[in-house]
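Below is one structure; the comments refer to it alone.
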Amino acid sequence: MELSHALGIINLTAPDEVQSLADLLSPDLIQQAFSLTDTVTLRKRKLPLESMVWLVIGMAIFNNKPMSHIVNLMDIVDRTGRSFTAPSSVIARRKTLGEDAIRVLFDITQQHWHAQAKHPLWHGLTLNAVDGVVWHTQDTPENAEAFGKASNQHGERGYPQVRMVCLMELSSHLLRASVMDSYNVNEMRLAARLADSAPDNSITLFDKGFYSLGLLHDWHNAGENRHWLTPLKKNTQYEVVCKLGKQDELIRLKTSPQARKQWEGLPEEMTVRLIRRKVNGVERQVLTSMTDAMRYPAASVAELYKHRWEIELGYRETKQFLLGNRWALRSKLPEMVRQELWGILLTYNLIRYQMIKMAFSLKGDYLPYQLSFSGAVSEILRLLIGLPWASAGAIPGHLKHFYSNAAMLKLPSRREREYAREVREKRSKYPLKNNAGHLK
């Protein structure tokens, strides 16, 4: 069953359309973030902290331009084109703004935008996924100490890297939450910090790298009706409790003493559901907490896992289309790196929320992920550059054109895949010497 068919009827009440740049990101939400983080704002004519929030957003959208050009493009200049202040002052004001205000602003806006989006449902549940991503930073001593580097037998190599794990709603690609830490922190531990961010009445898809009975147990018990779905780990031992169908059964898994020490409240045994299906002769097995076979049919559950790849597409949209394949972030200090990353996530959500509004403006049941992200970025760029300079009488025309272009952003239907998407190991370009130990 196609995802768009399995989801409930899309809500016909569209969110309010943008009337000005303030509607893209409400000043009230910015002030709320400042108040929650005790960020002190001064009544300055030059570079108020509200403008710095837009500058952080501009760093994500105009990622290939120097800071002085971004100040120009985001209208942080006077009408003669002269900057309000020196570039050094921009950097100082970024430090004054700090990391926490942008982090809290991301959280406030995601809550507001998710509430406005009114996501369609899959068998009464919202669809979500969890996955990890790594970001390269500038190679400075401060970043290396704070985030660490990848290492091999020869020691640390490459750039400092930030490890991040995100929770995403799949029909819209809107992010719900994110955690970040040094490269050496395990993704599973980061995912555990997202358990409280999952909404009630939801299903979250995990890939096999997140297989941990402790994590899955905590996720299921963090709220009401919070389900999960993940592939069965190879060579897992289990006991069949009862048959629910031909390739559908309840099984009992035993937890290890080590796991029970690491995960507080983890029981000695867990009863979960195992569903099998064959794809081109290869058996695929998935585990889920959705044990009610009447409410959650096995065929529909088995088909659901392939949509976990939507979060991978979201990461590609961020790195490839939003940041233009930029190899490393621009910030040289750890706090500024984290501020920049929260700004990227905030900007991604801002664009995705506008795509939700575009989807509502189209005739027919279109989901936001069926629109072109790169095309939406281009339209947002036009708004950010054009509206501050437009006369009051010209603004309605700009905005009408913005939403009328939604029809041009419709993507063609995705082709059916014979195999589920999966990350495969890269082949080495050098031949393997299988007989190296026998050479004379």
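The values are calculated or read from the model by the stated rules, or taken from the named source; none is laboratory data. Note that the structure is predicted; figures quoted are calculated from it, not measured. Cβ atoms come from the backbone with ideal geometry, glycine included; neighbour counts cover every protein chain shown. Side chains included, ligands, DNA and RNA excluded: accessible areas come from the protein's heavy atoms. Shrake-Rupley method; radii C 1.70, N 1.55, O 1.52, S 1.80 Å.
Here are some notes:
- Cα-based shape type of segment 88-173, given that a ≥ b ≥ c are square roots of the gyration tensor eigenvalues and the cut on a/c is 1.5: oblate
- Separation between Cα centres of segment 111-186 and segment 216-240, rounded to whole Å: 22 Å
- Approximating the spin labels as points 7 Å out from Cα along Cα→Cβ, the Glu264-to-Asp38 distance works out to 2.6 nm.
- Table column - 3J(HN,Hα) (Hz), segment 238-243, Karplus curve with 6.51, -1.76, 1.60, x for Gly and Pro: 8, 10, 6, 8, 6, 8
- Residue-wise HN-Hα coupling along segment 282-297, computed from phi with Karplus coefficients 6.51, -1.76, 1.60 (Hz; x: Gly, Pro): 9, 7, 10, 10, 10, 9, 8, 7, 7, 7, 7, 5, 6, 7, 10, x
- Amide proton proximity set for Leu266, modelled H, under 5 Å, gap of 5+: none
- Highest average packing first - 326-334, 106-114, 342-350, Cβ atoms within 10 Å: 342-350, 106-114, 326-334
- In terms of its alpha-carbon gyration tensor, segment 249-377 comes out oblate; a/c meets the 1.5 threshold, while b/c is at least as large as a/b.
- Vicinal HN-Hα couplings computed from phi for segment 245-258 (Karplus, 6.51 cos²θ - 1.76 cosθ + 1.60; Hz; Gly/Pro x): x, 4, 10, 9, 8, 8, 10, 10, 10, 9, 9, 8, x, 5
- Amide hydrogen proximity for Leu125: with H placed 1.01 Å from N in the peptide plane, no residue at 5 or more positions away or on another chain lies under 5 Å.
- Accessible solvent surface per residue of segment 118-315, calculated while the other protein chains remain in place, 1.4 angstrom probe, Å²: 45 Å²
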